[in-house]
Amino acid sequence: MTTDPFGWARSLDTLFDQVWTRLSRGVHDRHAPARHPTLATVSTRGRPQARTVVLRAADKGNGTLLVYTDLQSHKVAELQVSPFAALHIWDSGAHLQIRLAASVSILTGTDVAELWRDMPDHGRMAYGSTPSPGTPLSDALGYNKIPDPEAFAVLHLTIESIDVVHLGPDHRRAEYCREGGWVGQWLAP
Ligand SMILES: Cc1cc2nc3c(=O)[nH]c(=O)nc-3n(C[C@H](O)[C@H](O)[C@H](O)COP(=O)(O)O)c2cc1C
């Protein structure tokens, strides 16, 4: 008898659990696909914008995620105008596409002081840059990176819905909404 490696895709509950298992793996394993999701925002000109980020925390109980960034980056300015984001992950090993829609709050200063304190020096290098990220340069290396706690921002994503596609021997798609208590609904893929 052969066991189905994707048996978890057969029920809405186990598929949902698998999504959170993969997200959690992304936080703890730098080689996991969910380590580097694509974060999409709406630009200040109303256009889509997408970039790679590192997934820093995933809380299944609260349905929240954390991403760290530079307060001066364009994505923060975008989120200040339109506080919504989408996160995309393709986990090829699990044959799983995960799309999350979230509202985003931007945490800074004392709210993130503990996270800054716990961060190793090399990690802090990503927060604090002169001139600010996205400024045109005449020389590719014409910038300085000086760790600055004032430049450290945490994007707190409150997930509103999750759209999952599993491309196993059968194709399945499901949607889970916070409003619906994450019960889950099969969709035509
Ligand atoms: C592998 C990888 C991981 C990245 N992780 C982050 C991250 O966690 N936070 C972040 O703000 N930018 C991260 N970046 C840089 C962003 O992709 C992006 O270039 C930068 O944040 C500027 O984006 P923005 O102008 O849209 O704000 C990462 C880039 C790569 C290639």
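Could you please state, rounded to a whole Å, how far the C-alpha centre of the stretch 115-158 is from the C-alpha centre of the stretch 1-62?
When both Cα centres are located, 25 Å separates them.
With charges set only on the Cβ (+1 for Lys and Arg, -1 for Asp and Glu), what does the dipole of the chain come to about its Cα centre, in debye to the nearest 20?
Once rounded to the nearest 20, the dipole reads 340 debye.
Using only alpha carbon pairs under 8 Å that are at least six residues apart, calculate the relative contact order of the chain and give it in whole percent.
This gives 21 percent for the chain.
Between Cys177 and Ser138, what is the FRET efficiency for a Förster distance of 35 Å, r being their Cβ-Cβ separation, to the nearest 0.05?
Efficiency, from the Cβ-Cβ distance: 0.10.
Please give the contour-minus-distance gain from Met125 to Arg45: 0.36 nm per residue of separation, less the Cα-Cα distance, rounded to one decimal in nm.
25.8 nm
Could you state the angle between the C-alpha long axis of helix 12-28 and the longest principal axis of the C-alpha atoms of the chain, as a value from 0 to 90 degrees rounded to the nearest 10?
30 degrees
Send over the per residue convex hull volume for the stretch 1-155, Cα only, as a whole number of Å³.
Convex hull volume per residue, Cα atoms: 145 Å³.
What full-extension length gain, to one decimal in nm, is calculated for Val165 and Ile146 as 0.36 nm per residue of separation minus the Cα-Cα distance?
Between Val165 and Ile146, full extension yields an extra 2.7 nm.
When a/c is below 1.5 the answer is rounded, else prolate if a/b is larger than b/c, else oblate, so apply that to the stretch 119-159 with a ≥ b ≥ c taken from the square roots of the Cα gyration tensor eigenvalues.
oblate
With θ set to phi - 60° and the Karplus curve 6.51 cos²θ - 1.76 cosθ + 1.60, what are the ³J(HN,Hα) couplings of the stretch 110-121 in order, to the nearest whole Hz, using x for Gly and Pro?
Here the 3J(HN,Hα) series is 5, 5, 10, 4, 5, 5, 5, 4, 7, 7, x, 3 Hz.
Could you go through the stretch 89-102 in sequence order and give the Karplus-derived ³J(HN,Hα) for each residue, using 6.51 cos²θ - 1.76 cosθ + 1.60 with θ = phi - 60°, rounded to whole Hz, and x for Gly and Pro?
Calculated HN-Hα couplings, in order: 9, 10, 9, 5, x, 8, 6, 10, 9, 10, 10, 10, 10, 9 Hz.
Given the -39500 (n - 2.57) contribution per DSSP H run of 4+ residues, what per-residue ellipticity at 222 nm results for the chain, rounded to the nearest 500 deg cm²/dmol?
-5000 deg cm²/dmol
Shape verdict for the stretch 34-112, please, from the Cα gyration tensor: rounded (a/c under 1.5), prolate (a/b greater than b/c) or oblate.
Because a/c hits 1.5 or more and a/b fails to exceed b/c, the stretch 34-112 counts as oblate.
Taking 0.36 nm per intervening residue step and subtracting the Cα-Cα distance, what contour gain separates Arg117 from Asn62 on full extension?
17.4 nm
Which whole-Hz ³J(HN,Hα) couplings does the stretch 146-151 yield from phi under the Karplus relation 6.51 cos²θ - 1.76 cosθ + 1.60, θ = phi - 60°, glycine and proline marked x?
Working through the residues one at a time gives 10, x, 9, x, 6, 8 Hz.
No value in this document is a laboratory result; all are computed from the given coordinates. Only a predicted model underlies this, so the values are computations on that prediction, with no experimental measurement involved. We place every Cβ from the backbone using ideal geometry, glycine too, and count neighbours over all the protein chains shown.
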